[in-house]
1. Please work out which residue is farthest from E210 (Cα to Cα), limiting yourself to the range 29-47 and to residues that are exposed (fewer than 15 other Cβ atoms within 10 Å of the Cβ) and either within 24 Å of the chain's Cα centre (by Cα) or of a type in the set (V, I, T) (or both).
2. Of the conditions (1) surrounded by 14 or more Cβ atoms within 10 Å (Cβ to Cβ); (2) of a type outside the set (A, V, I, L, M, F, W, C); (3) within 30 Å of G54 (Cα to Cα), Q234 clears all except one; give me its number.
3. Quick one: which of S83, S50, S94 is in a strand (DSSP E or B), of a type in the set (S, T, Y) and crowded, with 16+ Cβ neighbours inside 10 Å?
4. For the range 175-245, which fully contained strands (runs of 3 or more DSSP E) count at least 3 residues that are among the aliphatic types (A, V, I, L, M)?
5. Tell me which residues, restricted to the range 194-230, are touching a Pro at 6+ places or on another chain (Cβ under 9 Å), open to solvent by less than 50 Å² (accessible area, probe 1.4 Å) and of a type outside the set (V, I, T).
6. Filter the range 53-80 for residues that are in a strand (DSSP E or B) and among the polar types (S, T, N, Q); which is most open to solvent (accessible area, probe 1.4 Å)?
7. Kindly list, by first and then second residue, each pair from a residue in the range 54-81 that is β-branched (V, I, T) to a residue that is crowded, with 19+ Cβ neighbours inside 10 Å, limited to pairs with Cβ atoms under 6 Å and residues at least 6 apart or on different chains.
Amino acid sequence: MNWRLGVFVLVAVAVAAVIVFRPGDGAEEPVGEPLLPNLWTSAPFELTISEVEGRTVLRFTSEMNNRGAGDLLLRGDPNGEVSQWIRHSESGHSTMALDVDVVWGGDTHDHWHIEDVARYWVADRDGNPVGDEFDNKVGFCIFDSVDFQSGLPGAPTAVRHQVGGCGTRLTPEIAMGLSVGWGDQYRFTLEGQYIDIEDLAAGDYRLMAEVDPDGTLSELDRSDNVSWTDFTLQIRDGQRIVLAS
């Protein structure tokens, strides 16, 4: 092995170690009460009409937040061996294996995604789904991107979990997290952040949002996992216009 290759291997191993093990993960046996996250999704906002591959789509910004007792911690690898790590009040952590799919983001994301962490769809004003169209973006790289309530107990005042935890091709290990008091925001400009509404008739609708729709994650409260934004779709001179309520 020449020295350049040796240095590359050492650096890759070091970076992988940094990504897999975060400060505070701990290796001791769990002691005390589990500090579970409480995930909730804000109502979608910044609704706008766009066109993708000749189809009319509804773009929107969404945000998944954590107002629980502890961070959401996901550890694993792209082969699907992913676990939720749950810190305990005195020391250590427990783990729970998750049945999730891990996919390479691509399309300008360039990191690993966990699928179906959140789901978005169009419904009527009574909440009944309209058609079978869901959002095009089904994979999520989870990290602290917006401070929505850092005054909560246990919330850090600065970013704790960063995009690097979503891994790369060279360092595919996953160490995603969402701190207490922080949110993970997905802007309407992101690739795949839309729903196809080409065949949607003019009328009054709801854009529904649900975090952890399959109940995969362990959290404090699931009653706040669904939110929505009412909007009206108008068609003027063949052009679709969306008006958020």
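The values are calculated or read from the model by the stated rules, or taken from the named source; none is laboratory data. Computed from a predicted model, the values in this text were never measured in an experiment. In this analysis, Cβ positions are derived from the backbone assuming ideal geometry, glycine residues included, and neighbour counts consider all displayed protein chains. Surface areas here come from the heavy atoms of the whole protein model, side chains and all, with no ligands, DNA or RNA. Shrake-Rupley method; radii C 1.70, N 1.55, O 1.52, S 1.80 Å.
1. Taking the range 29-47 and keeping what is exposed (fewer than 15 other Cβ atoms within 10 Å of the Cβ), we get 29, 31-33, 45-46.
Then keep just the ones that are either within 24 Å of the chain's Cα centre (by Cα) or of a type in the set (V, I, T) (or both); that gives 31, 45-46.
Details: V31: 32, F45: 14, E46: 17 Å.
Selected residue: V31.
2. So the condition that Q234 fails would be (1).
3. Details: S50 fails: crowded, with 16+ Cβ neighbours inside 10 Å; S94 fails: crowded, with 16+ Cβ neighbours inside 10 Å.
Just a single option satisfies the conditions, and that option is S83.
4. Details: elements: 182-186, 194-196, 203-211, 226-236, 239-244.
So the answer is 203-211, 226-236, 239-244.
5. First, the residues of the range 194-230 that are touching a Pro at 6+ places or on another chain (Cβ under 9 Å): 207-209, 217-220, 225-229.
Going one step further and asking which of them are open to solvent by less than 50 Å² (accessible area, probe 1.4 Å), we end up with 207-209, 217-219, 225, 227, 229.
Selection gives L207, M208, A209, L217, S218, E219, N225, S227.
6. First, the residues of the range 53-80 that are in a strand (DSSP E or B): 55-66, 72-76.
Going one step further and asking which of them are among the polar types (S, T, N, Q), we end up with 56, 61-62, 65-66.
Working: T56: 21, T61: 0, S62: 1, N65: 1, N66: 0 Å².
Within the range 53-80, the match that is most open to solvent (accessible area, probe 1.4 Å) is T56.
7. If the second residue must be crowded, with 19+ Cβ neighbours inside 10 Å, the pairs left are T56/I197; V57/Y194.
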